[in-house]
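Visitor: I'd like to ask you about the structure that follows.
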Amino acid sequence: MRSALSVARLFSIWELLRGSFWFLPSLMAAGAVLLSFGVVHLDAAIAEDSYGNFEFLYLFGPEGARAILSAVATSMITVAGLTFSITMLTLQLASSQFGPRLLRNFMRDRGNQVVLGTFISTFVYCLLVLRTVKGVEGASFVPHLAVAIGVVLAVAGLAVLIYFIHHTATSIRIETLLASLADETAATIDRLFPDQLGDEKPETDGALPDFNRAHVIPAKASGYVQSVNNDALLRIAVEKDLIVDVVARPGTFVTERDPLLRVLATTPADEENLAALRSTLIVGIERTPYQDLEFSIRRIVEIAQRALSPGINDPTTALYCIDRLREAFVRLAERRTPSSCRHDDEGRLRIVAEPVSFEAVTVGAVGAVGHYAGTDSDVLKALASALDSVIAAAEGKDLTRLLELRRSLRQRLDDDK
């Protein structure tokens, strides 16, 4: 049980580290420190007259080595500052143009982190090698191999700078951004459907136990429920003979003392078990797309709404967003909606958790974009066409609200003619 819970907590910490600018550059800087010590140690073990066998080495005196290392270190820290400034400008542009919810994607961009880490680690490497260069008479030492590696790192830094310019220009294009959001949304759909806290026994949904007298497990801090460790929750329920109702699903905002879980137990649960159950839900300060499908969809909807606002008035961007929404909803329509119940191997009910509603998510997103579309016929046609595709793919599902929304969009088109 502790192993499963620790894995969930470690995953949450890992997601936080991935979204930071300092983690990967710090690892690369630490690698540069180790590299500098290792190469200098190797230089000390190589005889001075052996360097002539390596034609690719620049053989400098102490002053020349200091000049090369100083030039590389100075240029790298200067370019690192320029890179950081461009990155901040990109974040500001993305926040104002696409919405602050998209900053997470830009901060998690591995390319930007590697670029910044390359410049920082090269700077650190050159500084540490520079301290080993000695030009005192009788005690001269020049780490020729270490200096050569510093030159190689400088050339690599130039290549990385060219990549960074291209990558930055590409990453702020709406097509690239929407493709990234669509991939995350598709991954969330694949993760939640059909395996989210449900099984092949939907017939038990109509005979749920009475949780009015259940023990309520409240939140200890305010925030958004980011994920639920399903396997650990089921394991605890089986071991302690519990029936657990998941009140706060991923994406729900909870304050202190708001209910997270409700537990029916044959015997009173002790504090250790309650703490273990509470730990299966990760609560953070922001919503994440890992198990929160509504948030994944909402980010695309927000871009479309901003594009249709009078201040921006960019319906073409809204059409791109509708295309990606249609892709996500068709994918979702083809998936089986899981049961709200999950049983153990012996068929006993252990967990109750309402799954994400396909119809509610689709109607909410399309309706939100349609509200801002006004009388734009292109956007209304695109929304109606997207609903046609979704309805065609959603066999066997309740489509009452979707059909009503499509009729409303068609009516608005007819009224504008």
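The values are calculated or read from the model by the stated rules, or taken from the named source; none is laboratory data. Every value quoted in this text rests on a predicted model; they were computed, and no experiment measured them. Here Cβ is always computed from backbone atoms with ideal geometry, including for glycine, and neighbour counts include all displayed protein chains. In case anyone asks, the SASA skips ligands and DNA or RNA and just uses the protein heavy atoms, side chains included. Shrake-Rupley method; radii C 1.70, N 1.55, O 1.52, S 1.80 Å.
Visitor: In segment 294-309, is there at least one residue being outside any helix (DSSP H, G or I) and either more than 22 Å from the chain's Cα centre (by Cα) or surrounded by fewer than 17 Cβ atoms within 10 Å (Cβ to Cβ) (or both)?
Guide: The first filter runs over segment 294-309 and keeps only residues outside any helix (DSSP H, G or I), leaving 309.
Subset that is either more than 22 Å from the chain's Cα centre (by Cα) or surrounded by fewer than 17 Cβ atoms within 10 Å (Cβ to Cβ) (or both): 309.
Yes, segment 294-309 contains at least one residue that is outside any helix (DSSP H, G or I) and either more than 22 Å from the chain's Cα centre (by Cα) or surrounded by fewer than 17 Cβ atoms within 10 Å (Cβ to Cβ) (or both).
Visitor: Would you confirm whether or not segment 240-251 contains a residue that is charged (D, E, K, R), in contact with a helix residue (DSSP H, G or I) (Cβ under 7 Å, 6 or more places away or on another chain), closer than 16 Å to ALA275 by Cβ and modelled with pLDDT under 90?
Guide: Yes, that holds for at least one residue.
Visitor: Six or more apart or on different chains, Cβ atoms under 9 Å: show the pairs whose first residue is in segment 358-387 and at positive phi and whose second is open to solvent by 10 Å² or more (accessible area, probe 1.4 Å) and assigned to a helix (DSSP H, G or I).
Guide: GLY374/LEU308
Visitor: If you check every pair at least six apart or on different chains, which have Cβ atoms under 6 Å apart with a residue in segment 293-312 that is closer than 10 Å to VAL369 by Cβ first and a residue that is in a loop (DSSP other than H, G, I, E, B) and open to solvent by 10 Å² or more (accessible area, probe 1.4 Å) second?
Guide: ALA307/ASP314
Visitor: Continuing with the same structure: Would you mention how many residues in segment 377-400 are in a loop (DSSP other than H, G, I, E, B) and not acidic (Asp, Glu)?
Guide: Residues meeting the conditions: 4.
Visitor: Residue check, SER340 against (1) closer than 30 Å to ASP245 by Cα; (2) surrounded by fewer than 19 Cβ atoms within 10 Å (Cβ to Cβ), all met but one. Which one?
Guide: Every listed condition holds for SER340 apart from (2).
Visitor: Tell me, which residue of segment 31-44 that is closer than 16 Å to ALA148 by Cβ and out of contact with any Ser or Thr (no Cβ under 6 Å at 6 or more places or on another chain) is most open to solvent (accessible area, probe 1.4 Å)?
Guide: HIS41
Visitor: Please work out which residue is surrounded by the most Cβ atoms within 10 Å (Cβ to Cβ), limiting yourself to segment 223-253 and to residues that are of a type in the set (Gly, Ala, Ser) and in contact (Cβ under 8 Å) with a residue 40 or more places away in the chain.
Guide: ALA237
Visitor: Which condition breaks for GLY347 when tested against (1) open to solvent by less than 10 Å² (accessible area, probe 1.4 Å); (2) part of a loop (DSSP other than H, G, I, E, B)?
Guide: Condition (1) is where GLY347 drops out.
Visitor: Continuing with the same structure: What residue, among those in segment 270-293 that are in a loop (DSSP other than H, G, I, E, B) and touching a Leu at 6+ places or on another chain (Cβ under 7 Å), is modelled with the lowest pLDDT?
Guide: SER279
Visitor: Which one is farthest from PHE211 (Cα to Cα), of the residues in segment 254-269 that are open to solvent by less than 80 Å² (accessible area, probe 1.4 Å) and not in a strand (DSSP E or B)? Spell out the reasoning first.
Guide: Restricting attention to segment 254-269, the residues satisfying the condition of being open to solvent by less than 80 Å² (accessible area, probe 1.4 Å) are 254-255, 258-265, 269.
Checking the rest, the ones that are also not in a strand (DSSP E or B) come to 255, 258, 269.
On the way: THR255: 21, ASP258: 16, ALA269: 15 Å.
Here the residue is THR255.
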